[in-house]
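Visitor: Mind having a look at this structure? Questions to follow.
The numbers here are math on the coordinates, done by the rules we state, and not lab data. If you're wondering where the values come from, they're calculated on a predicted model, not measured in any experiment. So basically every Cβ, Gly included, is an ideal-geometry build from the backbone, and we count neighbours across all protein chains shown.
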Amino acid sequence: MVTRPRTVSIVVPAYNERPSLEQLYSEIAETAERHGLDVELIFVDDGSVDGSWDVIQALADADRRVRGLRLRRNFGKSAALAAGFGAARGADIVTMDADLQDDPAEVPRLLEALDRGYDLASGWKRRRRDPWRKRLASGVFNAVVSRVTGVRLHDHNCGLKAYRAEVVREIKLSAGLHRFMPVLAHARGFKVTELAVHHRPRQFGSSKYGAGRFVIGLLDLLRVKFTSSRRPYHLLGTAGLIALALGLAGLAYLSVLWVLRFSHPGITALHDRPLLIYASASLVVGVQLLSLGLLAELVSVYLRQDDDEFAVVERAGDDGLAPAAALGPHGLGRRA
C-alpha cells in the first residue's frame, strides 16, 4: 500500500492530567515524525483544576501543531470530545485518553484500517492493564452492549479510535454516549472494525470511572438502543402490539370459559382467576406503549437539539482557520 500524505486531527480530552500531558505530546510528535503524518493535536481541558491548561498553553506556544480548548467546567468526556470534533480540521480524526494508557504508536495501524475502507477503527485493549474489578465490569458491559445492539466488539469503550471526519460530523454526541460511538456509527451505515492495541499501566493519578459508571452505562445503552432505532414507533409499537395480543388472547380464553360455565358449573368463576387481572393489565400496557410510541415518533420528527452541551471559554494555538465541519462534504485533505 502506497503511503499518502494526510492530515490527522488527534483529539485528547483531559481532566486533571497535568503530569502526563508533556510526555503524551512527545510520544505523539515522535510517532507523527516517524510515519510522516501531518497532524494537529487538539487538547480539550474539561474543567481541570490542577493546572493542565497551563501546560496545554505552553505546548501550543511552542508547537503550532498544538491547539487547546478549555471548557468552563467539567462537562464530561462526551462534551469534551464533541468540542474537539467541532474544532478538528483533518480528514481523519483520532481520539485517545490523556493518561498515557493509550499508546500513540498504535495510531498508524488505526489509520491503515481507514485506508482499507473502514469508517471507524476502534481499539481493543486485549491485555488490559487495569484492576480486575474494572476488567470484570468492562467485560460484562461490552458483552451486554454487543448482545443488545448487534455490534459485536470486545471493547466498545476504548478511548483509542480513528474516524473518518464524516462520522463525527454526522453523529451529535450527547452526555455519556461517547462509549457508544461504534454503535451509533453502525446505525448510520458506516463500516466499523476493531483492532487489538497495546494498553499500558497507569503512571499518574487515578481512574475517573467508578462502579456507578457501570449502571449509568447500562441506562445509556437503553437510550442508544432507542435513539438509534430508525423509527421509534416501530420499536415501542411492536412491544405494544405484543402486549395487546397477549391481553386479548387471555380475555378470549376467559370468554370461552364464561360461556362453558353455563353447561359446566364446576368451572371456577372468572373473578377468582388471576388471568383476568394479568390480561387486563396487558391490555392497558399495550395501549400505553402504542401511545408512547406515537409521542416518541412526533418528538423525533419535530424536536431538534441544536445547542451544544459544553461551553468553550478559552483557546490556545488557534489561528482562526475553519474547522472540519465548515469545509464542505469532503473535509480537508481527503484521500483519493
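Visitor: Which FRET efficiency value, to the nearest 0.05, is calculated for R64 and R188 with the Förster distance at 41 angstrom and r the Cβ-Cβ distance?
Guide: Working: r = 34 Å, r/R0 = 0.83.
That pair, R64 with R188, gives E of 0.75.
Visitor: Follow-up. Suppose the chain between L241 and S26 were pulled fully straight at 0.36 nm per residue; how much longer would it get relative to their current alpha carbon spacing?
Guide: 71.5 nm
Visitor: Right, next: Determine the gain in length on full extension of the stretch R273-R126; use 0.36 nm per residue of separation and subtract their C-alpha separation, reporting nm with one decimal.
Guide: Working: separation 147, 0.36 × 147 = 52.92 nm, distance 5.46 nm.
Taking 0.36 nm per residue and subtracting the Cα distance, the gain is 47.5 nm.
Visitor: R0 = 35 Å: FRET efficiency of R202 with L294, Cβ-based, nearest 0.05?
Guide: Numbers: r = 48 Å, r/R0 = 1.39.
With a Förster radius of 35 Å, E is 0.10.
Visitor: Calculated FRET efficiency, S174 and E33, Cβ-Cβ r, R0 45 Å, to nearest 0.05?
Guide: After rounding to 0.05, the efficiency reads 0.80.
Visitor: What whole-number volume per residue, in cubic angstrom, does the convex hull of the C-alpha atoms of segment 103-208 give?
Guide: Working: hull volume 11.8 nm³, N = 106.
Given the Cα convex hull of segment 103-208, per-residue volume reads 111 Å³.
Visitor: While we're looking at this one, here's another question. Taking a 19 Å limit on the Cα-Cα distance, which of the listed pairs K77/K172; K125/K172; K134/K191 fall beyond it?
Guide: Those over the limit are K125/K172; K134/K191.
Visitor: Ok, one more. Please list, by residue number, everything in segment 22-46 whose backbone N is under 12 Å from a paramagnetic label point 7 Å out along Cα→Cβ of R73.
Guide: none
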